[in-house]
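Taking it in order: structure first as structure tokens, then the write-up.
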Amino acid sequence: MTLASLLMIAPFATLGAPISVPPVQLPSVAMNASVRNEVQHSIEKGLAWLEQNQNTNGFWSSPDQPAITALVLEAFELGPNRDVKAEPLAVQKGYGYLMGCVQPDGGIYRKELQSYNTSVALLAILVRNRPEDQPVIAGARKFLIGLQVESGDPTNAFNGGIGYGSTDKHPDLSNTVFAMEALRYSEHLGEQKGSAEPDLDWKSAIHFVQCCQNLPGSNPETWASADPQNKGGFVYAPGQSMAGETNLDSGRVALRSYGSMSYAGLLSYVYADLKPDDDRVTAVKNWLRTNYTVDENPAMGLQGIFYYYFVMAKALTLCDLGPLEIKDGQAVNWREQLALKLINLQQSNGSWTNENGRWWEKDPALDSAFCLIALDMIYKNQP
């Protein structure tokens, strides 16, 4: 099953089932028809803004960061009115630019952030679903697999992770989940060839991911905390949280779990095919239920808020079984809540922009791509 068709079907079977499983019947939580129409209008308005704000050379925002253009292209490809027989000129030019970023080593980048750019670009190429792109896909897969850290010490917390690339091999969860996603969705290409293709060491990758989780027993790192505020959530990298530290009543200092990385952690476990009753999976889902909100990136405020919406929509689409049960036993229609939040945040010109500029989020092309992908998944993946 292609990535494009996968993201367009109804929500999938329980977390831990293979990524390509067929849809199942779920409890009815259909979006209000009026809201659904608003979502479609919002997507159309956002894509129109992106078409009008493309550089003449085919990229969006920066020629040095193909990942931004790739995210925009993914938004176009997943849009509700996509016509494979009539690809917009902006999309054609965007892919032309993206293919021009393919390097002799198989990576898809310019000068820096090799892993991030390659992972996101690979996903955009997969969504387009053209047989002639398979050599590029194979080269990008091999490049990403080669970036996985293998320290020789399986107990090393960083073993199995992926960083920004050859100039920065320090693994972090964000880069690792982008790579896991691209490699999982492209693995069928190796299977079709009928030969032994290189693959990610998934066991090592899981080791790295769990070493980013506040869950003693699974994470042997001394900073891992079981206090109610943080248990089950995720941080950016072993020993590093962008949300900082917190002092516990016991006198210990714990790293604070936060929203975007916790959804990224859940996504990592989905791509790694962990079972739904795995302690690591249930722990992060419990943290996310307790801290559910569409008003901020929990523990980070508005920092990285659009990335938060982006990973939230992906994670909940892949493992949601209807209304999301949150704290105090409440059940919420997260799709409708998130959709309305994104619609209300959209600028009059069709774009989105974060007032907080951390992690490039004052870039309207990047923010708009994050929001449009989230809306695309909400629009297409409802019961």
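The values are calculated or read from the model by the stated rules, or taken from the named source; none is laboratory data. The structure presented is a predicted model; accordingly, all values stated were derived computationally and were not measured. For neighbour counting, all protein chains shown are included, and Cβ atoms are generated from backbone atoms with ideal geometry for every residue, glycine included.
Close Cβ contacts (under 6 Å, 6 or more residues apart or on different chains) running from residues in the range 34-53 that are touching a residue at least 40 places away in the same chain (Cβ under 8 Å) to residues that are assigned to a helix (DSSP H, G or I) and among the acidic types (Asp, Glu) comprise VAL35/GLU336. The sole residue among GLY265, GLY329, GLY350 that is touching a residue at least 40 places away in the same chain (Cβ under 8 Å) and on the phi > 0 side of the Ramachandran plot is GLY350.
Considering (1) at positive phi; (2) at pLDDT 95 or above; (3) not polar (S, T, N, Q), the lone condition that TRP360 does not fulfil carries the number (2). Taking the range 32-135 and the helices (runs of 4 or more DSSP H) fully enclosed by it, the elements with 3 or more residues that are touching an Asp or Glu at 6+ places or on another chain (Cβ under 8 Å) and closer than 17 Å to LEU372 by Cα are at 114-128.
Could you please let me know if ASN344 is modelled with pLDDT of 90 or more, more than 24 Å from LEU255 (Cβ to Cβ) and surrounded by fewer than 20 Cβ atoms within 10 Å (Cβ to Cβ)? When the stated conditions are applied, ASN344 passes them. Scan the range 85-102 for residues that are touching a Lys or Arg at 6+ places or on another chain (Cβ under 9 Å) and without any contact (Cβ under 8 Å) to a residue 12 or more places away in the chain and the total you get is 1.
Which of the residues spanning the range 347-368 are crowded, with 20+ Cβ neighbours inside 10 Å and within 27 Å of TRP287 (Cβ to Cβ)? Correct list: TRP352, ASN354, GLU361, LEU366, ASP367.
If you go through the range 87-116 and keep only what is under 13 Å from LEU144 (Cα atoms) and among the hydroxyl-bearing types (Ser, Thr, Tyr), you end up with TYR109, SER115, TYR116. Against the numbered list (1) at pLDDT below 95; (2) crowded, with 19+ Cβ neighbours inside 10 Å, ARG36 comes up short only at (2). Among all residue pairs at least 6 apart or on different chains, which show Cβ distances below 6 Å where the first residue, located in the range 211-238, is in contact (Cβ under 8 Å) with a residue 40 or more places away in the chain and among the aromatic types (Phe, Trp, Tyr) and the second is in a strand (DSSP E or B) and buried (at least 20 other Cβ atoms within 10 Å of the Cβ)? Pairs that qualify, where the first residue is in contact (Cβ under 8 Å) with a residue 40 or more places away in the chain and among the aromatic types (Phe, Trp, Tyr) and the partner is in a strand (DSSP E or B) and buried (at least 20 other Cβ atoms within 10 Å of the Cβ), are PHE234/GLN213. Regarding THR222, is this residue modelled with pLDDT under 95, within 19 Å of PHE158 (Cβ to Cβ), surrounded by fewer than 21 Cβ atoms within 10 Å (Cβ to Cβ) and β-branched (Val, Ile, Thr)? Yes; evaluated as a whole, the condition is true for this residue.
One residue alone among ALA17, ALA70 is among the small types (Gly, Ala, Ser), at pLDDT below 95 and within 20 Å of the chain's Cα centre (by Cα), and that residue is ALA17.
With GLU245, GLU296, GLU325 as the choices, which residue is surrounded by fewer than 22 Cβ atoms within 10 Å (Cβ to Cβ) and closer than 28 Å to ILE68 by Cα? On inspection, the qualifying residue turns out to be GLU296. Looking across the range 349-367, the residues that are in a loop (DSSP other than H, G, I, E, B) and under 18 Å from GLU74 (Cβ atoms) come down to GLY350, SER351, TRP352, GLU361, ASP363. Looking only at the range 149-198, residues that are charged (D, E, K, R), over 19 Å from GLN240 (Cβ atoms) and at pLDDT 95 or above come to 2 in all.
Whenever a residue of the range 290-301 is free of Cβ contacts under 8 Å to residues at least 40 places away in the same chain, its partners that are buried (at least 19 other Cβ atoms within 10 Å of the Cβ) and hydroxyl-bearing (Ser, Thr, Tyr), lying with C-beta atoms within less than 7 angstrom and at least six residues away or across chains, give the pairs ASN297/TYR258; ASN297/SER260; ASN297/TYR308. Under the condition of being under 21 Å from GLY329 (Cβ atoms) and at pLDDT below 95, which residue from the range 256-284 is surrounded by the most Cβ atoms within 10 Å (Cβ to Cβ)? It comes out as PRO276.
When GLU132 is tested against (1) surrounded by fewer than 23 Cβ atoms within 10 Å (Cβ to Cβ); (2) modelled with pLDDT under 95; (3) over 24 Å from the mean Cα position of the chain (by Cα), just one condition goes unmet, and that condition is (2).
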